Amino acid sequence: TTLTTEGDILYRDGSGLQRLAKGSATQILQMNSGATAPEWTAKPEGKTLQIVRADATGNTTDSSSTSSWAGGTIADDGTAHITISFTPVSATSIIVVHATAPCGIGGNDLAIGAIFSDSTPKAFVNGNGNSADATGMSLHASWVSGGTSAQSIQFRAMGCWSGSTMNLGDLRGDSGSTAPYGTMTIQEIQP
């Protein structure tokens, strides 16, 4: 077997030398399913298209009462702790958000933090505190971008079940800010 076309590859199998015609510009070379010969295949999906990160600059307080949300949905409410204006590259990509912060509660209550995309809640978590105890909030959310328009993605302090004061970025419920105050990372992944 000889090579006459630029880009072709010569390989050996059980019966001798074989020619593999060159692949296209977007293909990658890998072994076939039997692991007996190389073949050109489509590049794998799932690569990261972009990552954006922001830190909170201080303490965020909210004392809304959240008990009315029981059995329903989370209201478009709360106070933004971190906001990122995020523009997806693709309408079909997966948006993955991770947000974390220390959280203090000013009473014996359940504090709620949430991730929003514009006015839509994407994830929330309850943190339990007992009279100025420290707790922490760590949230994860993911969704299909649905378009390439800019979205305002927020990590919000949503208040407490009974209306006690909650403080994101604070180790206690006394509004005493404690650096680092929290972070939010957004990753866009190819589907």
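The values are calculated or read from the model by the stated rules, or taken from the named source; none is laboratory data. Here the structure is a predicted model, which means the values were calculated and not measured. Cβ sites come from the backbone with ideal geometry, for glycine too, and all protein chains shown count toward neighbours. Ligands, DNA and RNA are stripped out before the accessible areas are found, and what is left, the full protein with its side chains, is counted by its heavy atoms. Shrake-Rupley method; radii C 1.70, N 1.55, O 1.52, S 1.80 Å.
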Worksheet entry | Of the criteria (1) farther than 30 Å from Q190 by Cα; (2) in contact with a strand residue (DSSP E or B) (Cβ under 6 Å, 6 or more places away or on another chain); (3) touching a residue at least 40 places away in the same chain (Cβ under 8 Å); (4) not β-branched (V, I, T), which one D55 fails | (1)
Worksheet item: Only one of A70, A114 is over 22 Å from T48 (Cα atoms) and at pLDDT 90 or above; which?
Response: A114
Fill in: Yes/no for D109 being among the acidic types (D, E) and modelled with pLDDT under 95
yes
Discussion item. Among the residues of segment 54-64, are any modelled with pLDDT of 95 or more and not acidic (D, E)?
Written reply: yes
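Return yes when T100 is under 24 Å from T135 (Cβ atoms), at pLDDT 90 or above, touching a Leu at 6+ places or on another chain (Cβ under 9 Å) and among the hydroxyl-bearing types (S, T, Y) and no when it is not. Show your work before the answer.
Working: under 24 Å from T135 (Cβ atoms): yes; at pLDDT 90 or above: yes; touching a Leu at 6+ places or on another chain (Cβ under 9 Å): yes; among the hydroxyl-bearing types (S, T, Y): yes.
When the stated conditions are applied, T100 passes them.
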Worksheet item: Within segment 94-108, which residues are open to solvent by 10 Å² or more (accessible area, probe 1.4 Å), in a strand (DSSP E or B) and not hydrophobic (A, V, I, L, M, F, W, C)?
Response: H98, T100, P102
Worksheet, complete the sentence: Selection from segment 132-163 of residues open to solvent by 30 Å² or more (accessible area, probe 1.4 Å), at pLDDT below 95 and in contact with an Asp or Glu (Cβ under 9 Å, 6 or more places away or on another chain) yields A134, W161, S162
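For segment 50-60, enumerate the residues that are open to solvent by less than 60 Å² (accessible area, probe 1.4 Å), out of contact with any Asp or Glu (no Cβ under 6 Å at 6 or more places or on another chain) and of a type in the set (S, T, N, Q). Please lay out each step first, then the result.
Filtering segment 50-60 down to residues open to solvent by less than 60 Å² (accessible area, probe 1.4 Å) leaves 50, 52, 54, 56, 58-60.
Next cut, out of contact with any Asp or Glu (no Cβ under 6 Å at 6 or more places or on another chain) only: 52, 54, 56, 58, 60.
Result: T60, single match.
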Fill in: Filter result (open to solvent by less than 40 Å² (accessible area, probe 1.4 Å) and either within 15 Å of V125 (Cβ to Cβ) or β-branched (V, I, T) (or both)) within segment 63-83
T66, W69, I74, G78, H81, I82
Item to complete: Within segment 33-49, track down each residue that is open to solvent by less than 80 Å² (accessible area, probe 1.4 Å) and assigned to a loop (DSSP other than H, G, I, E, B).
Response: G34, A35, A37, G46
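Report, by residue number, each residue of segment 3-32 that is in contact (Cβ under 8 Å) with a residue 12 or more places away in the chain and open to solvent by 100 Å² or more (accessible area, probe 1.4 Å).
Here is the first cut: in segment 3-32, the ones in contact (Cβ under 8 Å) with a residue 12 or more places away in the chain are 3, 5-9, 11, 13-14, 16-24, 26-29.
E6, R19, K22, listed by residue number.
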Discussion item. Looking at (1) within 31 Å of the chain's Cα centre (by Cα); (2) over 29 Å from G146 (Cα atoms), which one does Q18 not meet, given that it meets all the others?
Written reply: (1)
Worksheet item: Considering A75, A91, which residue is modelled with pLDDT of 90 or more and part of a loop (DSSP other than H, G, I, E, B)?
Response: A91
